[in-house]
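S.K.: Sharing a structure below in structure tokens format, with a few things to ask.
The values are calculated or read from the model by the stated rules, or taken from the named source; none is laboratory data. Note that this is a predicted model, so its numbers are computed, not measured. Because the Cβ atoms are built from the backbone with ideal geometry, glycine has one as well, and the counts that use them run over all protein chains shown.
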């Protein structure tokens, strides 16, 4: 997936990175465990962490043995056996990014037709009965439209596992990274939300969700 | 001594303020929502103070100075800010922000400080001090030998209290409120009569000291009379309790100008009186807050006369009116009261300020609402610091203690400490690679260290030499400390403070080190990379070429963190072998105040790649910019220094940008409180927290007039950023600002 607004475009390529043994990672986590407090834990993010879902299963299993809270920050594109194992057994929290509420819009924004897959992913998590947060990037004129926000709310309003929805107002902080990679930033003309636009979106989502948080 | 409205106990039989607090405290677990804003009187007074401090800044940092009178408890008539609006009265001199001469630490220092203001002391005084009266400074230099002078002038020992007052002693100022001065005089008279022969030097000295203390108590009575206060009797209500406590502190800062003169742990004590008056309907919450606001305002206006060079080691004109807030009793109850909140609330009612130096005694068991409020205040004001209550209580033994100066535990009324500045451990390491010679001058400092041959530094050889150097430097350091404290007792005894402390208290001698991160990284470079010394024609190191990578302190890497922890333990062990004046117990701190800049200037290039003259990191901090694995890794490294090896404190000053703590205020509060819990659960001792953007500091450098109250924690204390020199400001800005956890 290659979202037009990606603020970490250096993570889009699936090659690269540094390999770690599971135990090395667990050791790193244990060193910072005293700072987790009551709410802290491990979040795997990306890129798309479920691209490594096979390795995540033993990692999360070890974290659970150490009594550590686990969280996956995902776009919900991959629902293989390893992913379902994580959803059902090892991930205490899923933060699911809903990119768009129409298949066409989804494709225009990310290069992939993935809306149905993401919704299926959400449904699977709902059936597991375990906690989920939704995330939604708000771009004026692209995702910040009343009909899309209502569609999002309508779709999820009866879900019991959704604790909150987090809105990420669009910002341009990632542009320099695209330029550094020699890629064209196609969203150049998009602008940031006004305070009123953010407030209006929050008002709509408040009709459907227990908690709406603006990041 | 019985006071009817309070629960009796040991404290009614003998002097024991801790027992009074223990018996009568009302711990508070609620939120900060009960707090109120400043009263109209407080606002009016604070306006006067703000104008006065602005004038002070405009007049080169000194608004007014007296050149006629030697300051003492009663040298000046009663002074007021604006009498009609003052519910708590008392000034150091007869005028707001007027500084006074306290020449017994050293008359030349007073002359120099006055000269810098374009004035001089009255001629009679000059004659008196040049011909007839001896000071602490005179005494010390009579006794110093050539070796100590050499270590001092070349920068191996720096900032020693040999030409200024040592401070650090905390009088138990609460005693005046609880017992009244008449009862305190009676108790000291009994003590004096029990100090009997044979008249050895120690017995004679103690008899003389206690007699001086009784005189000081009588002077405090007179001081009270000047302000129409009957300090002879116990305080009878909340306003009197605050006023009596302040008068006791005021007597101390009229008589002495010690570098750090902490207040102790008064907030919870005062809460008992306030709670009583509130329960009886005698006062309102507005009045309770007004007493505390005005008390704190007075503490903010304390000033001492200092010369400009003093600013190099203690920048920003600090007074260290350190007040320890919170903590737990040994029975598991919290010492947090509503007045703990009221003290912190002054940072909103009067705005941020470095003084009083509010220090939270943090325990994982503190009420969550209080933890959250402390985190909020820290994020909003960068004016408070945190120390590990569980650790200090367990290892030092008392649950009734204050913080001397920046980070140092001191049980109240039961013990004192002798302040000893610090030795430059980085320069000590350079002796190990320069045949025991000073790297800047080539002067021989330490015997028994061979000149090194070989192209690269060998770790084992350097360590062997380093240990020899540490042993010798410790010896000279101890010699100087014994002389300093002998002379301070003799010529500038703190009689007013000591009158409020048990006769013959426990003493710890507070040694210190600077340059720890430089030492750790240098040893790491020598051990894990290849370090080639570059020498001048005299064979002295002028630079080091490092080939290869090496782990750096501040990244939670045991390979180097152990080197840091061991250096602390080794030097502390050397100090513990040596005889100490008055049989004080040796303790050590890793703390620099702001002298990390001047220590750096006096230190040549070091094997970690630091060029000559560059500032050290403050206290136990990792070197600027080298802790690059996030905030938590940096904290973890510092937490590995064992408090047992550094019982006088391990200072860590920590700066984060606000967004690294979270996107909402609730998240930031939650995360900061969790970080402090995490850090202290690893038995770390101290954390100074700044939540600031570097850009704002840079703007404040350019437009200081827009940031009169901008406060920043530097090393165990806070300063008004705009009162730092440009060099110190730049050093603060180059420190690591953590942008991620």
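S.K.: Going by the conditions given, is residue A:14 under 30 Å from residue A:179 (Cα atoms) and within 12 Å of chain B (Cβ to nearest Cβ)?
M.R.: Details: under 30 Å from residue A:179 (Cα atoms): yes; within 12 Å of chain B (Cβ to nearest Cβ): no.
No; evaluated as a whole, the condition is false for this residue.
S.K.: Given the residues B:145, B:122, which is the only one that is more than 18 Å from residue B:310 (Cα to Cα) and in contact with a strand residue (DSSP E or B) (Cβ under 7 Å, 6 or more places away or on another chain)?
M.R.: B:122
S.K.: Report yes if residue B:638 is in a helix (DSSP H, G or I), closer than 16 Å to residue B:715 by Cβ and at pLDDT 95 or above, otherwise no. Break it down stepwise before answering.
M.R.: Numbers: in a helix (DSSP H, G or I): yes; closer than 16 Å to residue B:715 by Cβ: yes; at pLDDT 95 or above: yes.
So residue B:638 passes the test.
S.K.: Further question on the same structure: Looking for whichever is within 23 Å of residue B:548 (Cα to Cα), away from chain A (no Cβ under 14 Å) and crowded, with 24+ Cβ neighbours inside 10 Å here; the options are B:607, B:618. Which one fits? Quick ask: steps written out before the conclusion?
M.R.: Details: B:618 fails: within 23 Å of residue B:548 (Cα to Cα).
Just a single option satisfies the conditions, and that option is B:607.
S.K.: Further, regarding this structure: For the structure I just gave you, tell me whether residue B:715 is in a loop (DSSP other than H, G, I, E, B) and more than 14 Å from chain A (Cβ to nearest Cβ).
M.R.: Details: in a loop (DSSP other than H, G, I, E, B): yes; more than 14 Å from chain A (Cβ to nearest Cβ): yes.
When the stated conditions are applied, residue B:715 passes them.
For every residue, the table says whether it meets (1) modelled with pLDDT of 95 or more; (2) crowded, with 24+ Cβ neighbours inside 10 Å; (3) part of a helix (DSSP H, G or I); (4) touching a strand residue (DSSP E or B) at 6+ places or on another chain (Cβ under 8 Å).
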site: B:426; (1), (2), (3), (4): yes, yes, yes, yes
site: B:429; (1), (2), (3), (4): yes, yes, yes, no
site: B:441; (1), (2), (3), (4): yes, no, no, no
site: B:461; (1), (2), (3), (4): yes, no, yes, no
site: B:470; (1), (2), (3), (4): yes, yes, yes, no
site: B:477; (1), (2), (3), (4): yes, yes, yes, yes
site: B:482; (1), (2), (3), (4): yes, no, yes, no
site: B:486; (1), (2), (3), (4): yes, no, yes, no
site: B:496; (1), (2), (3), (4): yes, yes, yes, no
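S.K.: With the condition kept exactly as written, say whether any residue in the stretch B:71-80 is free of Cβ contacts under 8 Å to residues at least 60 places away in the same chain, surrounded by fewer than 20 Cβ atoms within 10 Å (Cβ to Cβ) and closer than 30 Å to residue B:311 by Cα. Break it down into steps so the answer makes sense when it comes.
M.R.: First, pick out the residues of the stretch B:71-80 that are free of Cβ contacts under 8 Å to residues at least 60 places away in the same chain: B:79-80.
With the extra rule that they be surrounded by fewer than 20 Cβ atoms within 10 Å (Cβ to Cβ), the set shrinks to B:79-80.
Subset that is closer than 30 Å to residue B:311 by Cα: B:79-80.
Scanning the stretch B:71-80, I find at least one residue that is free of Cβ contacts under 8 Å to residues at least 60 places away in the same chain, surrounded by fewer than 20 Cβ atoms within 10 Å (Cβ to Cβ) and closer than 30 Å to residue B:311 by Cα, so the answer is yes.
S.K.: Taking only the stretch A:17-51 into account, find how many residues are more than 14 Å from every other protein chain (Cβ to nearest Cβ), closer than 22 Å to residue A:94 by Cα and assigned to a helix (DSSP H, G or I). Steps first, answer last, please.
M.R.: To start, the set of residues in the stretch A:17-51 that are more than 14 Å from every other protein chain (Cβ to nearest Cβ) comprises A:17, A:19-23, A:25-26, A:44, A:46-51.
Applying the additional criterion that residues be closer than 22 Å to residue A:94 by Cα yields A:22, A:25-26, A:44, A:46-51.
Narrowing further to those that are assigned to a helix (DSSP H, G or I): A:22, A:25-26, A:49-51.
Residues flagged as more than 14 Å from every other protein chain (Cβ to nearest Cβ), closer than 22 Å to residue A:94 by Cα and assigned to a helix (DSSP H, G or I) within the stretch A:17-51 amount to 6.
S.K.: Across the stretch A:49-78, what is the total count of residues that are under 20 Å from residue A:13 (Cα atoms) and over 14 Å from the mean Cα position of the chain (by Cα)?
M.R.: So the first thing to find is which residues in the stretch A:49-78 are under 20 Å from residue A:13 (Cα atoms), and the list is A:49-56, A:72-78.
Those left that are additionally over 14 Å from the mean Cα position of the chain (by Cα): A:52-56.
Of the residues in that region, 5 qualify.
S.K.: Moving on to the next point. I need the full set of residues from the stretch B:636-652 which are crowded, with 24+ Cβ neighbours inside 10 Å, in contact (Cβ under 8 Å) with a residue 40 or more places away in the chain and more than 8 Å from chain A (Cβ to nearest Cβ), in order please. I'd like the intermediate steps shown before the answer.
M.R.: First pass over the stretch B:636-652, keeping only residues crowded, with 24+ Cβ neighbours inside 10 Å: B:636-639, B:641, B:646, B:648-652.
Checking the rest, the ones that are also in contact (Cβ under 8 Å) with a residue 40 or more places away in the chain come to B:636-639, B:641, B:646, B:648-651.
Within the stretch B:636-652, B:637, B:638, B:639, B:641, B:646, B:648, B:649, B:650, B:651 qualify.
S.K.: Within the stretch B:667-699, work out how many residues are facing chain A (nearest Cβ under 10 Å) and either free of Cβ contacts under 8 Å to residues at least 40 places away in the same chain or more than 21 Å from the chain's Cα centre (by Cα) (or both).
M.R.: 11
S.K.: Run down B:363, B:340 and say which single residue is farther than 22 Å from residue B:242 by Cβ, touching a helix residue (DSSP H, G or I) at 6+ places or on another chain (Cβ under 9 Å) and modelled with pLDDT of 95 or more. Don't jump to the end; show me each part of the working.
M.R.: Details: B:340 fails: farther than 22 Å from residue B:242 by Cβ.
Result of the check over B:363, B:340: B:363.
S.K.: Does residue B:736 count as surrounded by 24 or more Cβ atoms within 10 Å (Cβ to Cβ) and more than 14 Å from chain A (Cβ to nearest Cβ)? Talk me through it step by step, then tell me what you get.
M.R.: Values: surrounded by 24 or more Cβ atoms within 10 Å (Cβ to Cβ): no; more than 14 Å from chain A (Cβ to nearest Cβ): yes.
For residue B:736, the condition - surrounded by 24 or more Cβ atoms within 10 Å (Cβ to Cβ) and more than 14 Å from chain A (Cβ to nearest Cβ) - is not met.
S.K.: Yes or no: the stretch A:52-61 includes at least one residue that is away from every other protein chain (no Cβ under 12 Å), crowded, with 17+ Cβ neighbours inside 10 Å, at negative phi and not in a helix (DSSP H, G or I).
M.R.: No, the conditions are met nowhere in the stretch A:52-61.
S.K.: Could we say that residue B:250 is in a helix (DSSP H, G or I) and either within 30 Å of the chain's Cα centre (by Cα) or within 17 Å of residue B:492 (Cα to Cα) (or both) here? First the steps, then the outcome.
M.R.: Values: in a helix (DSSP H, G or I): yes; either within 30 Å of the chain's Cα centre (by Cα) or within 17 Å of residue B:492 (Cα to Cα) (or both): yes.
It is true that residue B:250 is in a helix (DSSP H, G or I) and either within 30 Å of the chain's Cα centre (by Cα) or within 17 Å of residue B:492 (Cα to Cα) (or both).
S.K.: To continue, here is another question. I'd like to verify a number: residues in the stretch B:498-525 that are part of a helix (DSSP H, G or I) and within 20 Å of the chain's Cα centre (by Cα), how many? Please lay out each step first, then the result.
M.R.: Start the filter on the stretch B:498-525 by keeping residues that are part of a helix (DSSP H, G or I), which leaves B:498, B:516-525.
Subset that is within 20 Å of the chain's Cα centre (by Cα): B:498, B:516.
So the count comes out to 2.
S.K.: Another question, then. Among the numbered criteria (1) at pLDDT below 95; (2) in a helix (DSSP H, G or I), which one does residue B:259 miss?
M.R.: (2)
S.K.: Listed residues B:181, B:170, B:214; which is in contact with a strand residue (DSSP E or B) (Cβ under 6 Å, 6 or more places away or on another chain) and surrounded by 16 or more Cβ atoms within 10 Å (Cβ to Cβ)?
M.R.: B:170
S.K.: Would you check if there is a residue in the stretch B:654-665 being in contact with a strand residue (DSSP E or B) (Cβ under 9 Å, 6 or more places away or on another chain), within 12 Å of chain A (Cβ to nearest Cβ), outside any helix (DSSP H, G or I) and more than 30 Å from residue B:575 (Cβ to Cβ)?
M.R.: yes
S.K.: Confirm whether residue B:727 is more than 14 Å from every other protein chain (Cβ to nearest Cβ), out of contact with any strand residue (DSSP E or B) (no Cβ under 8 Å at 6 or more places or on another chain), crowded, with 22+ Cβ neighbours inside 10 Å and not in a loop (DSSP other than H, G, I, E, B).
M.R.: no
S.K.: Further question: Considering only residues that are farther than 22 Å from residue B:719 by Cα and out of contact with any strand residue (DSSP E or B) (no Cβ under 9 Å at 6 or more places or on another chain), which ones fall in the stretch B:374-402?
M.R.: Residues satisfying the conditions are B:391, B:394.
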